[in-house]
Amino acid sequence: QVQLVESGGGLVQPGGSLRLSCAASGIRFNIYAMGWYRQAPGKQRELVAQITRGGVSNYVDSVKGRFTISRDNAKNTVYLQMNSLKPEDTAVYYCNAAFSLDYWGQGTQVTVSS
């Protein structure tokens, strides 16, 4: 059974930081591209950051220079370090594992507000 379990969301003030984690089980983690998506109320889900199995990362323009995606294949975990958070980063953040099939986590809420 495939499971992607996100953690690390919460309420943070503008300018603050959060680190999201996604622990994967039931898949050969090291062959999957891993990504973080987010969905704000009334908006479509969008790709925030992705890291290939080779460690190459890409980001949506709005988070470049503020967010960093990384992976630890020994721990079957992908991270998203989010710095300089803005109110517009408020969303439910989802972990995604992509290879021949896509798998999704349940999501974790990130709220940026003073």
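Odds and ends about this structure:
- For segment 47-67, a residue qualifies if it is assigned to a strand (DSSP E or B) and either at positive phi or surrounded by 17 or more Cβ atoms within 10 Å (Cβ to Cβ) (or both), and the qualifying residues are 48, 49, 50, 51, 59, 67.
- Residue 39 vs. criteria exposed (fewer than 12 other Cβ atoms within 10 Å of the Cβ), within 22 Å of residue 5 (Cβ to Cβ) and touching an Asp or Glu at 6+ places or on another chain (Cβ under 9 Å): no
- A residue that is out of contact with any helix residue (DSSP H, G or I) (no Cβ under 6 Å at 6 or more places or on another chain) and basic (Lys, Arg) cannot be found anywhere in segment 49-61.
- Among the candidates 74, 24, residue that is assigned to a strand (DSSP E or B) and modelled with pLDDT of 95 or more: 24
- A single entry from 109, 81 fulfils the requirement of being assigned to a strand (DSSP E or B), in contact (Cβ under 8 Å) with a residue 24 or more places away in the chain and exposed (fewer than 13 other Cβ atoms within 10 Å of the Cβ): 109.
- If you go through segment 11-34 and keep only what is closer than 21 Å to residue 111 by Cβ and open to solvent by less than 70 Å² (accessible area, probe 1.4 Å), you end up with 12, 14, 15, 16, 17, 18, 20, 21, 22.
- Scanning segment 84-106 for residues that are among the hydroxyl-bearing types (Ser, Thr, Tyr) and in a loop (DSSP other than H, G, I, E, B) yields 84, 90, 100.
- Among (1) part of a strand (DSSP E or B); (2) free of Cβ contacts under 8 Å to residues at least 12 places away in the same chain; (3) open to solvent by 70 Å² or more (accessible area, probe 1.4 Å), the one test that residue 44 misses: (1)
The values are calculated or read from the model by the stated rules, or taken from the named source; none is laboratory data. None of the values given here were measured: they were computed from a predicted structure. A quick note on method: Cβ atoms are made from the backbone with ideal geometry, for glycine too, and the neighbour counts reach across all protein chains shown. Heavy atoms of the whole protein, side chains included, go into the accessibility calculation; ligands, DNA and RNA do not. Shrake-Rupley method; radii C 1.70, N 1.55, O 1.52, S 1.80 Å.
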